[in-house]
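The values are calculated or read from the model by the stated rules, or taken from the named source; none is laboratory data. This one's a predicted model, so the numbers in the text were calculated from it and none came from an experiment. Positions of Cβ are backbone-derived with ideal geometry, glycine not excepted, and every protein chain shown enters the neighbour counts.
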There are 2 protein chains.
Amino acid sequence: AILQSINAHSSPGILQGKKILITAGPTRERLDPVRYITNRSSGKMGYALAEQAQKLGALVTLVSGPVTLSAPEYVNTVLVESAADMYDAVMKHIAGQDIMIAAAAVADYTPVHVQEEKIKKQNEQTELHLHKTKDIVASIARLKNKPFTIGFAAETQHLEQYALDKLQRKKLDMIAANWVGQVEGGFDSAVNALQVYWKNGQKTFTMTDKTRLASQLLVLIAERLDA
Amino acid sequence: AILQSINAHSSPGILQGKKILITAGPTRERLDPVRYITNRSSGKMGYALAEQAQKLGALVTLVSGPVTLSAPEYVNTVLVESAADMYDAVMKHIAGQDIMIAAAAVADYTPVHVQEEKIKKQNEQTELHLHKTKDIVASIARLKNKPFTIGFAAETQHLEQYALDKLQRKKLDMIAANWVGQVEGGFDSAVNALQVYWKNGQKTFTMTDKTRLASQLLVLIAERLDA
């Protein structure tokens, strides 16, 4: 009964009327018309957050990279491809948002040149020149009227250290950290565990399905928003 | 009626007892535990070829990169990730095959170093060092007891020139060429058109769904096999 108390079904309306922008999925950084760099993000966590936030009464905008999931009902879903597309879509929709949850796995680097025609195989070795993409969540956290901003950190090592560094460096209000590349949980999985940090606080959510985990995280966000 | 005569349903058994190895889908070339280079191949053409070949009486082995399609019934499906994995799986299963159809979009290049931990964002610019992967279809066509070997060419320009060059250079028995990056057809699509070339011959299959196109191509292969 105690565990069941922290889910969307039993917490109706705790985000009533709040405007939430959520990013989800991977991005695709094109090399040419057919090839691209991407990552293992399935979008499941971001989509679960969008669905559960809507059930908790929020007005949800979901900016999603290419995934195989269906757009959630009653959610304004905006489909994008690259990190640059996602940056533009987020900036276009950020005004008036109360909360921003950056659950997408945005590419850190993108090719300097996109070839207009398919690259032909030639040399034995080749080099790909990449440059940094714009940091979406950090850009949001720097805005004058910034929303309550939550980032994600998916790490293969030094989880707490990297998450706390990201929280402070990007001036986030909260960061949700999870292991990737482990046996259970992470990108390809229906389940996950989260270690959540904010200024002077932290909370652990143990391994559970992403729908339930999304509810738990949203309840925590609603608490911290009023704190 | 004439058009309907060239499909799998009305040509039962034309590949009866033939052993066919088909590759399908993209490959994923890892940069680190979460990031990779891939391409827009959906695997639909290769999976349609596997299904239709099985219906035409063939014993089918399908070596597939990561796709969202279900393994076809009565087909020996081998799932792989990288170009190197696909090469190994094809070599393991090639002995005794009568026909090899290389429908996969195999990466031409793969990272020289795969990072064991997730790469951290640092410099403004970075370089990715890549080297050539092994050419699977050319390796098969060089075998002493080589099967009847069909390659694919997906091009954004110079379709005929690139296809004929590939046919000769890789010593293929046949090549099926198609445009990609057009409005209709190609990687992401349920439909496609093919321009097929072999020594002293060619045939055009106009835009149709990939299941039907697979039957048409297999009927042509069966004819050329006996020629």
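Here are a few things to note about the model shown:
- Condition check for B:Ala138: of a type in the set (Gly, Ala, Ser), touching a strand residue (DSSP E or B) at 6+ places or on another chain (Cβ under 9 Å), modelled with pLDDT of 95 or more and buried (at least 18 other Cβ atoms within 10 Å of the Cβ): no
- Qualifying position, being without any contact (Cβ under 8 Å) to a residue 12 or more places away in the chain and of a type in the set (Phe, Trp, Tyr), among B:Tyr47, B:Tyr109, B:Tyr36, B:Tyr87: B:Tyr36
- The residues listed here are A:Ala214, A:Ala177, A:Ala163; of these, the one that is surrounded by 14 or more Cβ atoms within 10 Å (Cβ to Cβ), in a helix (DSSP H, G or I) and either touching a Leu at 6+ places or on another chain (Cβ under 8 Å) or of a type in the set (Lys, Arg) (or both) is A:Ala214.
- Checking B:Ile140, B:Ile221 one by one, the residue that is β-branched (Val, Ile, Thr) and under 24 Å from B:Ser82 (Cα atoms) is B:Ile140 and no other.
- Filtered residues of the range B:1-30 (kept if at pLDDT 95 or above and under 29 Å from A:Val34 (Cβ atoms)): B:Ile20, B:Leu21, B:Ile22, B:Thr23, B:Ala24, B:Gly25, B:Pro26, B:Thr27, B:Arg28, B:Glu29, B:Arg30
- Boolean, B:Thr27 is away from chain A (no Cβ under 14 Å) and either out of contact with any Cys (no Cβ under 7 Å at 6 or more places or on another chain) or of a type outside the set (Val, Ile, Thr) (or both): no
- Residue check for A:Phe205: aromatic (Phe, Trp, Tyr) and more than 20 Å from A:Gln54 (Cα to Cα): yes
- Among the strands (runs of 3 or more DSSP E) confined to the range A:31-104, the ones with at least 2 residues that are under 23 Å from A:Arg142 (Cβ atoms) and more than 14 Å from chain B (Cβ to nearest Cβ) are located at A:59-64, A:99-102.
- Looking across the range A:183-208, the residues that are loosely packed, with under 14 Cβ neighbours inside 10 Å and either on the phi > 0 side of the Ramachandran plot or within 14 Å of chain B (Cβ to nearest Cβ) (or both) come down to A:Val183, A:Asp188, A:Asn200.
- Contacts under 6 angstrom Cβ, first residue in the range B:150-168 being touching a residue at least 24 places away in the same chain (Cβ under 8 Å) and among the hydrophobic types (A, V, I, L, M, F, W, C), partner surrounded by fewer than 22 Cβ atoms within 10 Å (Cβ to Cβ) and assigned to a helix (DSSP H, G or I), 6 or more apart: B:Ala153/B:Tyr162; B:Ala153/B:Lys166
- Of all residues in the range B:70-83 being crowded, with 17+ Cβ neighbours inside 10 Å and aliphatic (A, V, I, L, M), the one that is farthest from B:Leu31 (Cα to Cα): B:Val75
- One residue from A:Lys144, A:Lys171 being at pLDDT 95 or above, surrounded by fewer than 19 Cβ atoms within 10 Å (Cβ to Cβ) and not in a helix (DSSP H, G or I): A:Lys171
- Criterion: over 16 Å from B:Phe152 (Cα atoms), in contact with a Lys or Arg (Cβ under 6 Å, 6 or more places away or on another chain) and among the charged types (D, E, K, R) - qualifying residue of B:Asp98, B:Asp88: B:Asp98
- Restricting the first member to the range A:67-84 and to residues that are more than 19 Å from A:Asp108 (Cβ to Cβ), and the second to residues that are aromatic (Phe, Trp, Tyr), the beta-carbon pairs closer than 7 Å and six or more apart or on different chains are A:Leu69/A:Tyr47; A:Pro72/A:Tyr47.
- Qualifying residue in the range B:116-136 (condition: more than 9 Å from chain A (Cβ to nearest Cβ), in contact (Cβ under 8 Å) with a residue 40 or more places away in the chain, in contact with an Asp or Glu (Cβ under 9 Å, 6 or more places away or on another chain) and not polar (S, T, N, Q)): no
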